[in-house]
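*Asks:* Could you have a look at this structure, given as structure tokens, before my questions?
Bear in mind that the values in this text are calculations on the coordinates, not laboratory data. As the structure is a computational prediction, the values presented were derived from the model and not from experiment. We place every Cβ from the backbone using ideal geometry, glycine too, and count neighbours over all the protein chains shown.
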Amino acid sequence: MKSTALEKAFAGAAGAGTTLRILGKSGVIRPHSPVALARTARALRDWGVGPAGGFTAAALLDPQRVAVVDERGSLTYDELRRRSNALARALAELGVSSGDGVAVMCRNHRGFVDVTIAAAKLGADLLYLNTAFAGPQLVDVIERERPAVVVHDEEFTDLLAAAEVPARVVAWTDRSVEADTLDGLIARHSDDELEPAGRHGRIVILTSGTTGTPKGAPRSEAGVDAAVSLLSRMPLRYGWRTHIAAPLFHTWGFAHFALAMLLGSTMVLRRRFDPAAFLAVAEAERCDSLVVIPVMLQRTLALSESELAGHDLSRVRVVASSGSALPGDLALEWMDRFGDHLYNIYGSTEVAYASIATPEDLRVAPSAAGKPPHATVVKILDPDGREVPRGGTGRIFVGNGLLFEGYTGGGGKEVVDGLMSTGDVGRFDPDGRLHVEGRDDEMIVSGGENVFPREVEDCLMRHDAVAEVAAVGVPDPDFGTRLRAYVVASADVTEEALKAHVKDNLARYKVPREIVFIEELPRNATGKVLKRELSTG
């Protein structure tokens with residue numbers, strides 16, 4: 001990517017003064033003994049600022065702080081340090097060395113944390129597998145990436161059976177198994193300090209896989225830039241207890257795993273999401289922040305009034321949502337029930353964080369993606385790469401220091417003057433808030449008129465009888481393409497009533513030509529609707 005004036009502007013914008021102010025406000029910069037600071041600086045120099053160095057530094061600064069709470073209890077930062085040392089030795093015996101890949105297919109629990117830090121200490125690359133992938137997708141990804149070992153929960157053994165890998169390790173199991181387990185390997189090896197690897201490993205996050213084989217999007221160590229970007233518009237603080245309900249293998253869940261290195265967070269983890277249990281965990285574990293995907297908010301608000309009223313979330317100060325759009329008035333419904341602490345983060349695996357909507361933004365525009373955070377530029381471009389005037393719709397391009405460098409299988413996203421395409425279409429409103437109108441390949445041309453499904457979906461979501469909705473384009477002999485909406489109803493309602501609702505609120509040509517009622521929308525593990533399954537259904 002060629003150097004541009006815009007890239008130089010990024011460097012100037014990310015000035016030390018602003019960074020120090022943001023880190024100081026969040027409590028990251030605080031008094032420590034000169035000895036502790038010297039040891040921490042040496043660890044970061046030797047191990048880097050990824051999981052290996054970040055969690056080592058956290059253990060040196062505050063060893064007895066609780067780092068992880070899961071169904072099996074708690075672990076301190078010092079316990080994570082020692083467990084990862086032992087596991088790194090075990091993985092090395094299994095053939096993992098610097099530059100090799102370690103595939104991880106784990107739900108949210110200590111095993112994910114253990115293997116991430118251990119592999120990083122060996123200089124290995126980490127490949128996170130989506131727990132909702134089908135067997136053929138997994139085989140294709142593993143064949144392409146060729147990891148030296150796969151670490152997986154026992155429940156995924158059959159799914160991974162056809163994949164050819166040199167070694168396998170079971171992460172979570174509720175019974176005795178003959179295979180190697182993480183706990184068994186840790187118990188059998190020394191937890192003494194290791195010599196730093198000569199290479200810093202990469203993190204490979206897979207795209208959602210809503211169409212075809214998922215692509216691997218590798219990331220090198222981002223340093224504090226990624227954290228400063230989030231903290232500039234989201235008031236997370238050092239030492240908070242954070243329930244990471246979003247999957248750790250996903251960009252959003254992993255972001256808060258990485259933030260824990262800097263913020264000394266206590267990561268509260270549960271292997272599966274259940275809306276009632278989610279509220280109970282947040283309350284019982286005295287969580288200060290919750291990390292979610294939008295469908296989790298929807299499922300929680302769908303609980304009965306008695307279930308909702310039985311929980312007190314007054315301690316929670318930030319609910320951080322990302323991974324897909326906030327539909328309809330979901331933001332208002334959540335804040336009216338639990339308080340004005342919801343933040344909506346828009347971005348992608350490839351560009352990281354593009355914009356953040358604060359509670360104040362969402363009160364004004366409930367589906368807004370917000371404003372760009374620190375050291376981030378977002379522009380709306382036309383098909384020729386020219387910037388669209390404010391209010392106009394175009395393709396969304398993002399520039400920051402966190403852009404990925406290309407997919408592991410080759411190829412990448414379109415780049416214009418240092419800005420990378422997100423693959424979405426959107427616009428800025430008069431107050432500078434970004435609004436995402438849909439994927440750039442989802443626009444429907446019906447009878448010569450352009451229709452973005454997102455606008456129709458939001459309109460239908462505001463009907464009292466609609467719980468969920470997805471709109472897609474399907475072939476039509478007369479119009480070329482027609483709009484079909486799939487609706488999960490929460491009360492009795494007719495197709496005619498819903499069409500009338502859209503007609504009363506949007507242009508006539510945006511009214512779906514048909515509405516299909518279904519029991520539930522097909523989703524992947526990160527909550528995104530699998531529209532390909534609807535459009536072919």
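*Asks:* Tell me what the chain gives for mean residue ellipticity at 222 nm when only DSSP H runs of n ≥ 4 count, each as -39,500 (n - 2.57), the sum divided by the residue total, rounded to 500 deg cm²/dmol.
*Replies:* So the calculated ellipticity at 222 nm is -9500 deg cm²/dmol.
*Asks:* Starting from the Cα-Cα distance between R72 and L301, subtract it from 0.36 nm times their residue separation and give me the gain in nm to one decimal.
*Replies:* Between R72 and L301, full extension yields an extra 79.6 nm.
*Asks:* Continuing with the same structure: How much length, in nm to one decimal, is gained on full extension between D192 and R317, taken as 0.36 nm per residue of separation minus their Cα-Cα distance?
*Replies:* Taking D192 through R317 to full extension adds about 41.1 nm, to one decimal.
*Asks:* What is the calculated FRET efficiency for E155 to A277, with r their C-beta to C-beta distance and R₀ = 25 Å, to the nearest 0.05?
*Replies:* 0.85
*Asks:* Continuing with the same structure: Evaluate the distance, in nm, between pseudo-label points positioned 7 Å from the Cα of R532 and of A134 along their respective Cα→Cβ axes.
*Replies:* 0.9
*Asks:* Quote the charge dipole size of the stretch 325-431 about the Cα centre in Debye, to the nearest 20; the model charges only the Cβ of Lys and Arg (+1) and of Asp and Glu (-1).
*Replies:* Around 120 debye, computed over the stretch 325-431.
*Asks:* Also, I was wondering about something else. Report the calculated FRET efficiency for D329 and R390 (r = Cβ-Cβ distance, R0 = 25 Å), to the nearest 0.05.
*Replies:* E(calc), rounded to 0.05, equals 0.50.
*Asks:* What lysines does K528 reach when the alpha-carbon gap must be under 26 Å and sequence neighbours fewer than 8 apart in one chain are set aside?
*Replies:* K215, K371, K379, K413, K499, K510
*Asks:* DSSP loop (so not H, G, I, E, B), at most 11 other Cβ within 10 Å: list which chymotrypsin sites (Phe, Trp or Tyr not before Pro) in the stretch 359-408 pass both filters.
*Replies:* none
*Asks:* Hey, another quick one. For the stretch 442-535, what does the alpha-carbon gyration tensor say about shape, rounded, prolate or oblate, given a ≥ b ≥ c as the root eigenvalues, a/c under 1.5 as rounded, and a/b over b/c as prolate?
*Replies:* Oblate shape, in that a/c is at least 1.5 and b/c is the bigger or equal ratio.
*Asks:* When the dipole is taken about the Cα centre of the stretch 77-187, and only Lys, Arg (+1) and Asp, Glu (-1) are charged at their Cβ, what size is it in debye, to the nearest 20?
*Replies:* Here the size comes out at about 400 debye.
*Asks:* Each residue of the stretch 274-285 in turn: what ³J(HN,Hα) in whole Hz from Karplus with 6.51, -1.76, 1.60 and θ = phi - 60°, glycine and Pro shown as x?
*Replies:* Computed from phi, the couplings for the stretch 274-285 are 9, x, 5, 5, 4, 5, 5, 5, 4, 6, 5, 8 Hz.
*Asks:* To continue, here is another question. Under a plain spin-label model, where a point goes 7 Å from the Cα along Cα-to-Cβ, how far apart in nm are V165 and R39?
*Replies:* For the pair V165/R39, the computed spacing is 3.5 nm.
*Asks:* With charges set only on the Cβ (+1 for Lys and Arg, -1 for Asp and Glu), what does the dipole of the chain come to about its Cα centre, in debye to the nearest 20?
*Replies:* It works out to roughly 1640 debye.
*Asks:* Using the Cα centre of the stretch 265-397 as origin and beta-carbon charges of +1 (Lys, Arg) and -1 (Asp, Glu), tell me which of I380, W334, L297 is placed farthest towards the positive end of the dipole.
*Replies:* Looking along the dipole axis, the top candidate is I380.
*Asks:* If R0 is 35 Å, what FRET efficiency do you get for Q64 and A16 from their C-beta distance, rounded to 0.05?
*Replies:* About 0.65, to the nearest 0.05.
*Asks:* Follow-up question, since we're still on this one. Can you give me the orientation-averaged projected area of the convex hull built on the Cα atoms of the chain, in nm²?
*Replies:* Here the figure is 25.4 nm², rounded to one decimal.
*Asks:* Gain in length, D336 to R513, computed as 0.36 nm per residue apart minus the alpha-carbon separation, to one decimal in nm?
*Replies:* Gain on stretching D336 to R513: 60.3 nm.
*Asks:* Along the Cα→Cβ direction, 7 angstrom out, place labels at E496 and E360. What is the inter-label distance in nm?
*Replies:* 4.8
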